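Okay, structure first, notes after.
Laboratory data are not the source of any read-out in this text; all were calculated from the coordinates shown. No experiment lies behind these values; they were computed from the predicted model shown. Ideal geometry is used to build each Cβ from the backbone, glycine not excepted, and the neighbour counts take in all protein chains shown.
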Amino acid sequence: MLLKPNPANHCFGCGGANDRGMQLTFEQDDVARRIRGSFRVDPAYQGGRGMVHGGIIAMLLDEVMAKVSRFNQDSAVTGELSVKYLKPVPTGEDIVVEGWEIERSGRNIFRQGEIRDASGAVLASGRGHFIVIDPARFGSKKAASESGKH
């Protein structure tokens, strides 16, 4: 299933309503229970010459791991993110970003993510600790008032 940017979402990574955002599209693999995205990162997001900025690399990993919530319809936020920068991630070249769940304990979910080049070499990897939340409690004031909670 293709996960296109939501035109009402302002998220920097995957939102369609953010003109300055990356408006990333992902693919949901229900059999493998993985989320994948194939991209070419524009040089506008570089750090060193020809290399994707480290903050953008972290955002790509966070974004793909967060999307794994779709498999269990979780509302979860990132509690902790660690990134291993193994090799430079080039701008303007094909990369694959992939995320999956590795462990779950109560409200705590642990996920893994990778960025690979076209040959399959791992350029960066990440591990995320996500925490399941009640969206009505932590959402906007509008969502809280609509749910009857203040």
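State the antiparallel share, in %, of DSSP beta bridges confined to the chain, rounding to the nearest 5.
Details: 42 of 43 bridges.
Approximately 100 percent, going by the DSSP bridge assignments.
Could you calculate the FRET efficiency of Arg70 with Asp117 from 1/(1 + (r/R0)^6), where r is the beta carbon distance between them and R0 is 25 Å, rounded to 0.05? Walk me through the numbers on the way to the answer.
On the way: r = 26 Å, r/R0 = 1.03.
With a Förster radius of 25 Å, E is 0.45.
Among Ser38, Ser125, Ser75, which one shows the highest mean-square fluctuation when the chain is modelled as a Gaussian network with alpha-carbon springs under 10 Å?
Ser75
Would you please name the trypsin sites (Lys or Arg not before Pro) within segment 1-99 that are DSSP coil residues with at most 13 other C-beta atoms within 10 Å of their C-beta?
Numbers: sites: Arg20, Arg33, Arg34, Arg36, Arg40, Arg49, Lys67, Arg70, Lys84; in loops: Arg20, Arg33, Arg49.
Sparse-neighbourhood loop trypsin sites (Lys or Arg not before Pro): Arg20, Arg33, Arg49.
As I understand it, the value is the acute angle between the Cα axis of helix 54-67 and the longest principal axis of the Cα atoms of the chain; what does it come to in degrees, rounded to 10?
Approximately 50 degrees, to the nearest ten.
Determine the dipole magnitude for segment 2-146: charges of +1 sit on the beta-carbon of Lys and Arg, -1 on that of Asp and Glu, nothing else is charged, the reference point is the Cα centre, and the result goes in debye to the nearest 20.
In total the dipole reaches around 240 debye.
Fewest first, what order do Asp134, Asp19 take by the number of other Cβ atoms within 10 Å?
Working: Asp134 12, Asp19 8.
If I rank by nearby Cβ atoms, fewest first, I get Asp19, Asp134.
Tell me the mean residue ellipticity at 222 nm calculated for the chain from its helices only (DSSP H runs of n ≥ 4, each -39500 (n - 2.57), averaged over every residue, nearest 500).
The per-residue figure over the chain is -4500 deg cm²/dmol.
Match the structure shown to one of the listed values [x] 62; [y] 50; [z] 55 of percent of Cα pairs over 19 Å apart, computed from it, and give that label.
Here percent of Cα pairs over 19 Å apart agrees with entry [z].
Tell me, in nm to one decimal, what length is gained between Arg104 and Phe12 on full extension, where the rule is 0.36 nm per residue of separation less the Cα-Cα distance? Before the final figure, lay out the partial values.
Numbers: separation 92, 0.36 × 92 = 33.12 nm, distance 2.69 nm.
Difference between extended and current length: 30.4 nm.
Segment 86-141 to segment 34-82: how many Å between their Cα centroids?
Spelled out, the Cα-based centre of one part sits 6 Å from the other.
Roughly how many nanometres apart are two label points built 7 Å out from the Cα toward the Cβ at Glu80 and Ser125?
Rounded to a tenth, the inter-label distance reads 1.8 nm.
Using DSSP to define loop residues, name the GluC sites (Glu not before Pro) in segment 84-139 whose beta-carbon has at most 16 other beta-carbon atoms within 10 Å. Don't skip to the answer; put the middle values down first.
Numbers: sites: Glu93, Glu98, Glu101, Glu103, Glu114; in loops: Glu93.
Sparse-neighbourhood loop GluC sites (Glu not before Pro): Glu93.
Taking neighbour Cβ counts within 10 Å as the exposure measure, how do Val122, Val31 sort from fewest upward?
Numbers: Val122 13, Val31 5.
Fewest-to-most ranking of Val122, Val31: Val31, Val122.
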